[in-house]
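Engineer: After the structure tokens below, expect a handful of questions from me.
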């Protein structure tokens, strides 16, 4: 029982990272039907910017772990968000009406970011400071740290905030309008490019949040760190129903738990085979994903 | 008619241009060094190139070989089979007379076939998978030990020194890690009252191995042996301690790097590493370390001395053969007899493996690898 609970916690932790990244995929897809292949690398950029910020604060002798982490998160999320907007402006906006070219442009953007990080930072692994220990809530012999709690809670809170924003605010309404029909939205006086830019900003900021937390939790980052997790997060978004915000989080958690159970009760070597096998079955039964809706009701 | 004449002229021109390029007996003597210069193992690659450059420069200061200067040519193999083959072709095309280097077995083994086809000697400094020399290529040598030597050594250490009865083995499905894991398992199976309770792989490039480690925890092993590379090793170490897995953690020689300790943090204290001795623990390497540190302003990496010796035996072979001809170098390498390098005496056996390899176990204390037993 203890082991089963521990595997659940392991799965939820990995799943929360998938969920945070999947939100970015799903929002961009929901609005402009683009699979933003560079999204995983945006996550990596966020992690590196966070590390730079820790380095800078250490130089300025700011020692408080919570204060430095907050500053690193804010600065990294802000800068990465702006990078996401820049990416849209440079690589995607001119190609919005060329379906295939924009995909290739996304792959190009992904490689540019990866190897840009390699050149600017380092080809090898970088190590985050060990700031937070292993203390956590005591819970039935299961090992949980406060950092894991934070990762899990923040993924839920951010999803809820995003959902409320999309469904309760004017900007959100503009986003939904855009998702249904871009031209009609433009005729209604919506500034299409501004709204898409904002979507990129929010998705990228969320990815950067996940990036900094990855550094803090696993302590190791590298320029290629976004590739594999980007693929998994994209899978999670599809599993939950791409374009659907709660779906992305549900898909993330589900994929994380499936992987963890497959590794724990079958074999770690086979965990991707098992997890993705189940995924194929789910998609065959529900082609639009678990919470996927009819096209007009995205987001 | 006229066309044929023009083509004929062109051919004559081409041949006259190409011939001196192919058979150049003047200019520098090139030695190839294929290593990972990108990806997770890039640091090891840099260490290796620095050691090779130093070996060549020192020889050049003494007047080079056969009156010609040595030149180190290096290409990135990224520890990847395909890139390694590309790098191997590039080295052969660049006209190297021999190759001394390599890091990952999964890159070295496919590349060795290219060197074999081109008749170029390949002295591996760090690739320890048995298959490399078991292929029967007469041009392949190595100055490091084999995993089927390290495996039994590790099995012996955990049962005799650590008195382990239940053992978990984790690899990462790469050629090197799986080979070492299998060799260790085979050795353990021959021992009485010892049980391998877990034998599975994690995925390199991922960061969360807690699911596999939770399973290990439930099996309560006395020793867990990780045979992959240090980028994942540091994470395994951290998560092993975080989850409170019982017993001791041990890791193979690819974890013998300070980054392992940095990633794992304070939890790395008490972790065992099986390895060939680091340069600083070998009497023969003292002078090498002094020169390396002075030249590169940093400590030598775990494979620097081995690479220094790889280039050393190639130079030695050229001097004995009095030739920089590819075939002559291979022949002379086979006759290498007790070459005294920074890692001790080097003699190759029939297969090209080094005779008498030493293994040692380190224990991590603070931020240092401390030798604990042979």
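Engineer: Could you tell me how many of the residues in the range B:175-197 are under 23 Å from residue A:275 (Cβ atoms) and surrounded by fewer than 22 Cβ atoms within 10 Å (Cβ to Cβ)?
Structural biologist: So in the range B:175-197, the residues under 23 Å from residue A:275 (Cβ atoms) come out as B:177-178.
Remaining after also requiring surrounded by fewer than 22 Cβ atoms within 10 Å (Cβ to Cβ): B:178.
The total comes to 1.
Engineer: Something else now. Somewhere in the range A:30-52, is a residue more than 21 Å from residue A:198 (Cα to Cα), in contact (Cβ under 8 Å) with a residue 60 or more places away in the chain and more than 14 Å from chain B (Cβ to nearest Cβ)?
Structural biologist: The answer is yes; a qualifying residue exists.
Engineer: Here is a further query. Could you list, in sequence order, the residues of the range B:341-360 that are surrounded by fewer than 20 Cβ atoms within 10 Å (Cβ to Cβ) and touching a helix residue (DSSP H, G or I) at 6+ places or on another chain (Cβ under 7 Å)?
Structural biologist: B:351, B:357, B:359, listed by residue number.
Engineer: Hey, another quick one. What do you reckon, is residue B:262 within 14 Å of chain A (Cβ to nearest Cβ), surrounded by fewer than 24 Cβ atoms within 10 Å (Cβ to Cβ) and in contact with a helix residue (DSSP H, G or I) (Cβ under 9 Å, 6 or more places away or on another chain)?
Structural biologist: On the way: within 14 Å of chain A (Cβ to nearest Cβ): yes; surrounded by fewer than 24 Cβ atoms within 10 Å (Cβ to Cβ): yes; in contact with a helix residue (DSSP H, G or I) (Cβ under 9 Å, 6 or more places away or on another chain): yes.
Answer is yes for this residue.
Engineer: Would you point out the residue of the range B:266-286, among those that are surrounded by fewer than 18 Cβ atoms within 10 Å (Cβ to Cβ) and without any contact (Cβ under 8 Å) to a residue 60 or more places away in the chain, that is nearest to the other protein chains (Cβ to nearest Cβ)? Please lay out each step first, then the result.
Structural biologist: Of all residues in the range B:266-286, those surrounded by fewer than 18 Cβ atoms within 10 Å (Cβ to Cβ) come to B:266, B:269-270, B:280-281, B:283-284, B:286.
Keeping just the survivors that are without any contact (Cβ under 8 Å) to a residue 60 or more places away in the chain gives B:266, B:280, B:283, B:286.
Values: B:266: 7, B:280: 22, B:283: 31, B:286: 28 Å.
The selected residue is B:266.
Engineer: Here's something else I'd like to know. Give, as residue ranges, the strands (runs of 3 or more DSSP E) completely inside the range B:272-374 that count at least 1 residues that are more than 26 Å from residue B:230 (Cα to Cα).
Structural biologist: On the way: elements: B:272-275, B:339-341, B:344-346, B:360-365, B:368-373.
Where strands (runs of 3 or more DSSP E) fall fully within the range B:272-374 and carry at least 1 residues being more than 26 Å from residue B:230 (Cα to Cα), they are B:339-341, B:344-346.
Engineer: Here's a follow-up. Do we find that residue B:75 is at pLDDT 95 or above and under 20 Å from the mean Cα position of the chain (by Cα) in this structure?
Structural biologist: Details: at pLDDT 95 or above: no; under 20 Å from the mean Cα position of the chain (by Cα): yes.
Taking the combined requirement at face value, the residue does not satisfy it.
Engineer: Okay, moving on. Would you call residue A:243 in contact with a helix residue (DSSP H, G or I) (Cβ under 9 Å, 6 or more places away or on another chain) and on the phi > 0 side of the Ramachandran plot?
Structural biologist: Values: in contact with a helix residue (DSSP H, G or I) (Cβ under 9 Å, 6 or more places away or on another chain): yes; on the phi > 0 side of the Ramachandran plot: yes.
The answer is yes for residue A:243.
Engineer: Something else now. Could you say which residue among B:341, B:312 is touching a residue at least 24 places away in the same chain (Cβ under 8 Å) and out of contact with any strand residue (DSSP E or B) (no Cβ under 8 Å at 6 or more places or on another chain)? Walk me through it before giving the result.
Structural biologist: On the way: B:312 fails: out of contact with any strand residue (DSSP E or B) (no Cβ under 8 Å at 6 or more places or on another chain).
One residue alone meets the criteria, B:341.
Engineer: Select the helices (runs of 4 or more DSSP H) contained entirely in the range A:1-120, then report the ones holding at least 2 residues which are within 29 Å of residue A:260 (Cα to Cα) and more than 20 Å from the chain's Cα centre (by Cα).
Structural biologist: Working: elements: A:2-32, A:39-59, A:65-87, A:99-120.
Answer list for the range A:1-120: A:2-32.
Engineer: Working carefully through the options B:181, B:254, find the one that is touching a residue at least 24 places away in the same chain (Cβ under 8 Å), outside any loop (DSSP other than H, G, I, E, B), within 14 Å of another protein chain (Cβ to nearest Cβ) and in contact with a strand residue (DSSP E or B) (Cβ under 7 Å, 6 or more places away or on another chain). Don't jump to the end; show me each part of the working.
Structural biologist: Working: B:254 fails: in contact with a strand residue (DSSP E or B) (Cβ under 7 Å, 6 or more places away or on another chain).
None of the other options fit; the residue is B:181.
Engineer: What are the residues in the range B:198-224 that are closer than 10 Å to residue B:170 by Cβ, surrounded by fewer than 23 Cβ atoms within 10 Å (Cβ to Cβ) and touching a strand residue (DSSP E or B) at 6+ places or on another chain (Cβ under 6 Å), if any?
Structural biologist: Within the range B:198-224, B:198, B:199, B:201 qualify.
Engineer: From B:59, B:50, which residue is in contact (Cβ under 8 Å) with a residue 24 or more places away in the chain, assigned to a helix (DSSP H, G or I) and more than 23 Å from residue B:89 (Cα to Cα)? Walk me through it before giving the result.
Structural biologist: Values: B:50 fails: more than 23 Å from residue B:89 (Cα to Cα).
After ruling out the rest, the residue left standing is B:59.
Engineer: Among the residues of the range B:154-173, count how many are crowded, with 21+ Cβ neighbours inside 10 Å and within 23 Å of residue B:106 (Cβ to Cβ). Let's see the steps before the verdict.
Structural biologist: Going through the range B:154-173, the residues crowded, with 21+ Cβ neighbours inside 10 Å turn out to be B:154-155, B:157-158, B:164, B:167-172.
Checking the rest, the ones that are also within 23 Å of residue B:106 (Cβ to Cβ) come to B:154, B:169-172.
Going through the range B:154-173 one residue at a time, the tally reaches 5.
Engineer: So is residue B:230 away from chain A (no Cβ under 14 Å), under 26 Å from the mean Cα position of the chain (by Cα) and within 24 Å of residue B:269 (Cα to Cα) or not? Steps first, please.
Structural biologist: Values: away from chain A (no Cβ under 14 Å): no; under 26 Å from the mean Cα position of the chain (by Cα): yes; within 24 Å of residue B:269 (Cα to Cα): yes.
In short, no.
Engineer: So, restricting to helices (runs of 4 or more DSSP H) that lie completely within the range A:223-299, which ones have at least 2 residues that are surrounded by fewer than 17 Cβ atoms within 10 Å (Cβ to Cβ) and free of Cβ contacts under 8 Å to residues at least 40 places away in the same chain? Walk me through how you get there before you give the answer.
Structural biologist: Details: elements: A:225-240, A:245-265, A:271-285.
Fully inside the range A:223-299 and qualifying: A:271-285.
Engineer: Counting only residues that are assigned to a strand (DSSP E or B) and in contact (Cβ under 8 Å) with a residue 60 or more places away in the chain, which one in the range B:225-251 is surrounded by the fewest Cβ atoms within 10 Å (Cβ to Cβ)?
Structural biologist: B:248
The values are calculated or read from the model by the stated rules, or taken from the named source; none is laboratory data. Since the model is a prediction, treat every value here as computed from it, not as a measurement. Positions of Cβ are generated from backbone atoms using ideal geometry, with glycine treated the same way; all protein chains shown enter the neighbour counts.
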